[in-house]
Structure formats: C-alpha cells, structure tokens
1. Check Glu105 against each of (1) under 21 Å from the mean Cα position of the chain (by Cα); (2) touching a residue at least 12 places away in the same chain (Cβ under 8 Å); (3) closer than 27 Å to Ser38 by Cβ and name the one condition it does not meet.
2. Within segment 115-155, take every residue that is modelled with pLDDT of 95 or more and closer than 20 Å to Gly183 by Cβ and give me the one that is surrounded by the most Cβ atoms within 10 Å (Cβ to Cβ).
3. Counting only residues that are assigned to a helix (DSSP H, G or I), within 29 Å of Gly183 (Cα to Cα) and over 19 Å from the mean Cα position of the chain (by Cα), how many does segment 34-84 have?
4. For segment 194-210, indicate whether the set of residues that are open to solvent by 50 Å² or more (accessible area, probe 1.4 Å), of a type in the set (Gly, Ala, Ser) and either closer than 21 Å to Gly148 by Cβ or touching a strand residue (DSSP E or B) at 6+ places or on another chain (Cβ under 8 Å) (or both) is non-empty.
5. Within segment 7-28, identify whether any single residue is modelled with pLDDT of 95 or more, open to solvent by 60 Å² or more (accessible area, probe 1.4 Å), assigned to a helix (DSSP H, G or I) and not hydroxyl-bearing (Ser, Thr, Tyr), and answer yes or no.
6. Of all residues in segment 81-97 being farther than 16 Å from Phe146 by Cβ and of a type in the set (D, E, K, R), which is surrounded by the fewest Cβ atoms within 10 Å (Cβ to Cβ)?
7. Being assigned to a loop (DSSP other than H, G, I, E, B), closer than 13 Å to Asn46 by Cβ and either open to solvent by 60 Å² or more (accessible area, probe 1.4 Å) or of a type in the set (Val, Ile, Thr) (or both) is the filter here; which residues of segment 156-185 pass it?
Amino acid sequence: MLKKILILTFMLLFVSGCEKVEIEDSIRWVTIADIEKSLESQPPMNIGFDVDDTVLFSSAGFHYGQRKYSPGSSEFMQSEAFWEEMNNDLDKFSMPKECAERLIEIHKKRGDTIYFITARPATKTETLTDYLADIFALENPNKVIFTGFKRGENFKIEPIKKLNIQIFYGDSDTDIEAAQASGKRAIRIIRAENTKYKPLPEYGALGEEVLVDSGY
C-alpha cells in the first residue's frame, strides 16, 4: 500500500512539474543582448520606462508611507501628503535596478530619447526627475510624466501615443496593456520578490516579451 502511495505521489509531482515547464516555456523571454540586437538597424527613437519596480526598487518609500499614513492597509495610496513626500523626498531611499541601468545605457548610446511615465499622482513639486537624471547620468532629461491612477482606466496610453514611444518597459499589466493598446512594443520587467506591490503579475500572460533576470 505504501509503495502505491509513493508511486502515485511521484506521478502527481511529475505531471505538475511538466505543466509548470509548459507554462514557463510559453513565455517570450528576451535578454538585454536580444533587445540590443533587435535595434541594430533602427534609427534613434522614443523609449518609455515606468518608474516603480521597473527602473527603481522604491518599496522602502511605500513601506514608510503605509506605516505612517495607514498601518495595515493601502489607504495611504490615496493620501496627498504621502505623494508629496514620495515625489519629493522618499526616493532618496530608492535603489536603481541593475537591468534598468543596462537598458538605459543601451538607449543612451543609440541616441534614443528617454521618457519616464509613472502612475504616481502629480504633486506641486517633485524631485524624481532630478533623481533619475542623477542615478542614470541623463543629460537634459525630460520631466517625469505623472499620470495618476484610477481603477478601470489606463492613463498611460495617451502619453505613449502622443510621444510616439516605440518601446515601453514596465512591470505591471497596465504598463503592458498601455503599450499594446498604443500599437507599441511592450517589454515586461520582473518585480523583485520583496516588492511592496503585490500580488506579482503573471509574466507573459498578455503575450508580451519578458526580460530575463530583470527582478534586480
């Protein structure tokens, strides 16, 4: 009886493992080298990046905001006072993602024009533009575009279309959907496992390219 149970358990694990591999194999994985090669014959273009969990690991600021403004809940995301702090001060605790540093270097060398589009609400002042310019060594940076967010609406579509952005990098489904709705190339950046932004999305579920090893 014990032998039968062990055999059945093994078979179930084997089938589950096969199903997992099949799902993972369906993802359109790309490397930074793949992206660079795909652009070799292309003229300079406009490129867009999301900010949080795409170019910056900014969970420290959001963790602080939650503890200060709404412990145990996400209500702090509706607080104007929190966004004033986040956009003007808390990014000093945000770390640049290694994958973003490498991607931005590629686009800088190509002469591409780089834009940052974030769903953070706009505030009267912001230092995010200067911070991004400093850590990514950007000369004459474009001002960060703050679209804000509202359930059921995707405010990133308009700037992607208006600026004729050809490639948009982002970690969320809304980032990917905005690029796809604009008829542009969407490349998914993986969120770090310890991000404050949970649950993690299902990578590749929208048919997008997913950057390998982009969680850091």
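1. Failing condition for Glu105: (2).
2. Going through the qualifying residues, I end up with Ile117.
3. Step one: list which residues in segment 34-84 are assigned to a helix (DSSP H, G or I), which gives 34-38, 59-69, 75-78, 80-84.
Then drop every residue that is not within 29 Å of Gly183 (Cα to Cα), which leaves 34-38.
Now drop any that are not over 19 Å from the mean Cα position of the chain (by Cα), which leaves 37-38.
Count: 2.
4. If we filter segment 194-210 for residues that are open to solvent by 50 Å² or more (accessible area, probe 1.4 Å), which is where we start, we get 194, 196-200, 202, 205-206.
Going one step further and asking which of them are of a type in the set (Gly, Ala, Ser), we end up with 205.
This time we only want the ones that are either closer than 21 Å to Gly148 by Cβ or touching a strand residue (DSSP E or B) at 6+ places or on another chain (Cβ under 8 Å) (or both), so: none.
The answer is no; no qualifying residue exists.
5. no
6. Lys92
7. Pass one, segment 156-185, residues assigned to a loop (DSSP other than H, G, I, E, B): 156, 163-164, 171-172, 182-184.
When the remaining residues are screened for being closer than 13 Å to Asn46 by Cβ, the result is 163-164, 182, 184.
Hit for segment 156-185 is Asn164, nothing else.
The values are calculated or read from the model by the stated rules, or taken from the named source; none is laboratory data. Everything numeric here is computed off the predicted structure, so don't read it as measured data. Every residue, glycine as well, gets a Cβ built from its backbone with ideal geometry; the counts of neighbours run over all protein chains shown. Remember, those area values only see protein heavy atoms, side chains included, never the ligands or the DNA or RNA. Shrake-Rupley method; radii C 1.70, N 1.55, O 1.52, S 1.80 Å.
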